[in-house]
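One structure is given below, encoded as structure tokens.
The values are calculated or read from the model by the stated rules, or taken from the named source; none is laboratory data. The model shown is predicted, which means the values in this text are computed figures rather than measured ones. Neighbour counts are summed over all protein chains in view; Cβ atoms, including those assigned to glycine, are modelled from backbone coordinates with ideal geometry. Keep in mind that these areas ignore ligands, DNA and RNA; they rest on the heavy atoms of the full protein, side chains included. Shrake-Rupley method; radii C 1.70, N 1.55, O 1.52, S 1.80 Å.
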Amino acid sequence: MHIKLIPSFELSKSFLNLHHKLYLVLKDTAKHQGLRNQLVKLLQEKGIVDKNVLKAINTIPRHLFLNSSFEDYAYQDKAFPIGAGQTISQPYTVAFQTQLLEIKKGDKVLEIGTGSGYQTAILYLMGAKVYSVERQNELFKQTSALLSKLGIRPKHLSFGDGYKGLPNHAPFDGIIVTAGAPTIPKPLMAQLKIGGKLIIPVGEENQIMIKLIRKNETQFEKHECGDFKFVPLLEDKK
């Protein structure tokens, strides 16, 4: 079965390998690809311009990261529940946060909140070395199994407290937080490389998307990038 990608993009070996595995192992049809094509057009209309982000959205079968009861709605620009009180973010939010990271192939990226694994897959497909932490144990187990089945292999996937990051694997070129935090956790700031970017929704009920760029050892440049609504980032208080 042929997968149609946006013609202007250069195919990489990782894309071809992933497509091969997806078609051998799981159900992904021409209909699904058509829906992804439509989703990409919608994201472009909403202002997503990073071609590598659009290519990844056009490739990853989002319906496989959802409960089968939501399959018919998988390519709508909506968030859906995935269990444990968590959600899979709407595609626009995934694309927007990823675009803010300005990922280059080989970048070391920390993801706080593995969730369904959809964002993890997008980062992986874009050539990032992905380190991801999930706070909900059942979700961690379920998503770990799915990513393995898809042939998506992050550098590190663990169950733990996202507020603490992964100091043993730091520093990172980018950190992306997929849940709302009342403030920016200082441990995450400390784990950024000089020039690295932290993308995090900050606020209680509603959040402002913050892009924090590390300028040197002590200084950060802060950009506010619009209003969003996320589930809360859980912290282990122990």
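What strands (runs of 3 or more DSSP E), lying completely within the range 55-130, carry at least 1 residues that are open to solvent by less than 50 Å² (accessible area, probe 1.4 Å), at pLDDT 95 or above and not hydroxyl-bearing (S, T, Y)? Let's see the steps before the verdict.
Numbers: elements: 80-83, 86-88, 108-112.
The qualifying strands (runs of 3 or more DSSP E) are 108-112.
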**Asked** Does the range 122-147 hold any residues that are without any contact (Cβ under 8 Å) to a residue 40 or more places away in the chain and of a type in the set (D, E), and which are they?
**Response** E134
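Among strands (runs of 3 or more DSSP E) lying entirely in the range 161-238, which contain 2 or more residues that are buried (at least 18 other Cβ atoms within 10 Å of the Cβ), at pLDDT 90 or above and of a type in the set (V, I, T)?
On the way: elements: 172-177, 192-202, 207-214, 220-228.
Fully inside the range 161-238 and qualifying: 172-177, 192-202.
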**Item:** Residues of the range 38-54 satisfying the condition of being in a helix (DSSP H, G or I) and not hydrophobic (A, V, I, L, M, F, W, C)
**Value:** Q38, K41, Q44, E45, K51, N52
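Of all residues being open to solvent by less than 60 Å² (accessible area, probe 1.4 Å) and among the small types (G, A, S) in the range 146-160, which is modelled with the highest pLDDT? Just the residue, please. So that I can check it myself, show each step before the final result.
So in the range 146-160, the residues open to solvent by less than 60 Å² (accessible area, probe 1.4 Å) come out as 146-147, 150-152, 154, 156-158, 160.
Keeping just the survivors that are among the small types (G, A, S) gives 151, 158, 160.
Working: G151: 87, S158: 95, G160: 92.
My answer is S158.
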**Prompt:** Which one of L5, L22, L16 is open to solvent by less than 10 Å² (accessible area, probe 1.4 Å), modelled with pLDDT under 85 and not polar (S, T, N, Q)?
**Reply:** L22
